[in-house]
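Every read-out reported here was derived from the displayed coordinates using simple, explicitly stated rules and does not represent laboratory data. This is a predicted model, so every value here is computed, not measured. Reconstructed Cβ throughout: ideal geometry from the backbone, glycine too, with neighbour counts over all protein chains shown.
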């Protein structure tokens, strides 16, 4: 770690970044019926969400994308803002810079989340971190400040979002079976779902195309294959799923 | 308006408030099948959402409640945070204070919304405003900065929230008919709903108690009365409505 760079960051970083405002991202990863979350390990040894600061002339959305890339190497991730955390006590135990540094002041952090196929991305730690890796969401270690609370809130919103928004594109193979899609939902929700209800509701959403092919190779009767109707999927992403009202 | 107070606010307000962070609230009002929004008129003549700043030692949630009270007189309103607006160009045309004032810098604003029974509250403008009143959501005048965009986003979220959260408590009489409840949903959504589907889904949510009484006085067959099961309603508010997954 370049100590001149770090010293300048602590002393005059507020020439580049807004004081009092930060961004933290909760990156969930799905693969093979597992749900994981991406964490960084600081040089000091503590684990945290990938986060950073907003440049003076930069939109907060752009900051989130830039920070995620700088800290983990991840690119082309669609980040969804989900909540802003503004408790003055949220950074309990904070003391990483000289006492007068802008960085030791209170920060309000804007949370973003994303859900990616974790086998397709190769996270890399930045110069401030010694490690960057996926953790099973049920086995996350202690995190700094209120980062565990931020992660839990993101998980809650991700689960609620399943009611309004389609999920699965880029997480499943192009052609998939209904049980594969159901397991994605079950993995995110952390609970089992009824097979018939799931299929009925999923078909009712009208974002799937049923193919004539069936999946071969299993021991049982070959199940039908589906794929997302990309146009309808995009429309549902933007406008939300048709509600029952 | 006390000009000494205002001068001090522009010059040294950042001793009390965080720079770069503000709060704006979108207060929707429902009454008699109408949906309205609460706006303030600045001394300068422009209309805006009731908003303000975060004290150094205050949580952002608390700021939102305090600001709404100070600016409109409203109390005991449950404010729901819905989105943070962080475009550096969002305050286009801003120029209300001396050039060097902290207030002329860029602000990221945290949006809150609420839905109240507007005949039960009596909004009062603060010293910075000449007027504070309800506007029909479809007839809102030009607003400052990105406030129209903030209002529209709140409306979008309010409508989506109908999928996950119960609504109606404190907006309807204690005992109400199914058509009255349906009109509340239709007013918020800005569209007509199918009577049978609405009733079926609403009863499926299991937050209503069907009473033995019927509503009297109408020309047609007296409709059944319902009331909310307060315990189930509160639970659904916290945990979200049971999804179909």
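Things worth noting here:
- With the highest mean first, a sort of the peptides B:225-235, B:190-200 on other beta-carbon atoms found within 10 angstrom per residue produces B:225-235, B:190-200.
- Crossing angle, helix A:230-239 versus chain A [Cα axis fit, 0-90 degrees, rounded to tens]: 50
- Fully extended contour minus Cα-Cα distance, from residue A:8 to residue A:206, at 0.36 nm per residue: 65.8 nm
- Sorted shortest first, the separations between the residue B:200 label point and its copies elsewhere in the assembly read 1.0 nm; each point sits 7 Å from Cα along the Cα-to-Cβ line.
- Zone residues, region B:28-53, relative to residue B:191, backbone N less than 18 Å from point 7 Å out along Cα-to-Cβ: B:35
- Euclidean distance between Cα centres, region B:69-146 to region A:164-195, Å: 41
- For the options B:211, B:35, B:155, a Gaussian network treatment of chain B with springs between C-alpha atoms closer than 10 Å singles out B:211 as fluctuating the most.
- 0 to 90° range, to nearest 10: angle between helix A:195-205 axis and chain A longest Cα axis: 80
- Kirkwood-based Rg to Rh ratio, chain A, C-alpha trace: 1.04
- Remark: C-alpha extents of region A:178-239 on the principal axes read 40, 30, 17 Å, sorted largest to smallest.
- Across all directions, the average projected area of the convex hull around the alpha carbons of region A:108-245 is 11.7 nm².
- Residues B:205, B:144, ranked from the fewest to the most other C-beta atoms within 10 Å, line up as B:205, B:144.
- When each of B:71, B:214 is scored by the number of other beta-carbon atoms lying within 10 Å, the sequence from fewest to most is B:214, B:71.
- Look at the stretch B:9-22: the mean tally of other chain Cβ atoms within 10 Å of its residues' Cβ atoms is 2.
- Nm distances between copies for residue A:92, ranked from closest, using label points 7 Å along Cα→Cβ: 4.5
- Residue order for B:161, B:57, fewest other beta carbons within 10 angstrom first, comes to B:57, B:161.
- Helix content alone sets the calculated 222 nm mean residue ellipticity of chain A: runs of n ≥ 4 DSSP H residues at -39500 (n - 2.57) each, divided across all residues, give -9000 deg cm²/dmol.
- The simple spin-label model puts a point 7 Å past each Cα toward its Cβ; for residue A:43 and residue A:127 those points are separated by 1.0 nm.
- Peptide A:79-90 - average C-beta neighbours from other chains (10 Å radius): 5
- Ascending list, in nanometres, of distances separating the residue A:55 label from those of the other copies (7 Å, Cα toward Cβ): 3.6
- The angle separating the long axis of helix A:60-72 from the principal Cα axis of greatest extent in chain A is about 90 degrees.
- Label-to-label distance, nm, for residues given as residue B:230 and residue B:120 (7 Å Cα→Cβ offset): 1.3
- Pairwise label distance in nanometres, residue B:33 with residue B:101, each label 7 Å out on the Cα-Cβ vector: 4.6
- Diffusion constant of region B:70-183 at 4 °C, which comes from Stokes-Einstein with the Kirkwood Cα-pair radius and 1.567 mPa s, µm²/s: 77
- Within chain A, percent of DSSP bridges classed antiparallel, to nearest 5: 70
- Of the Cα atoms belonging to the protein assembly as shown, the radius of gyration and Dmax stand at 25.0, 83 Å.
- Nearest residue to the symmetry axis between B and A, taken on chain B by its Cβ, in whole Å: B:84, 2
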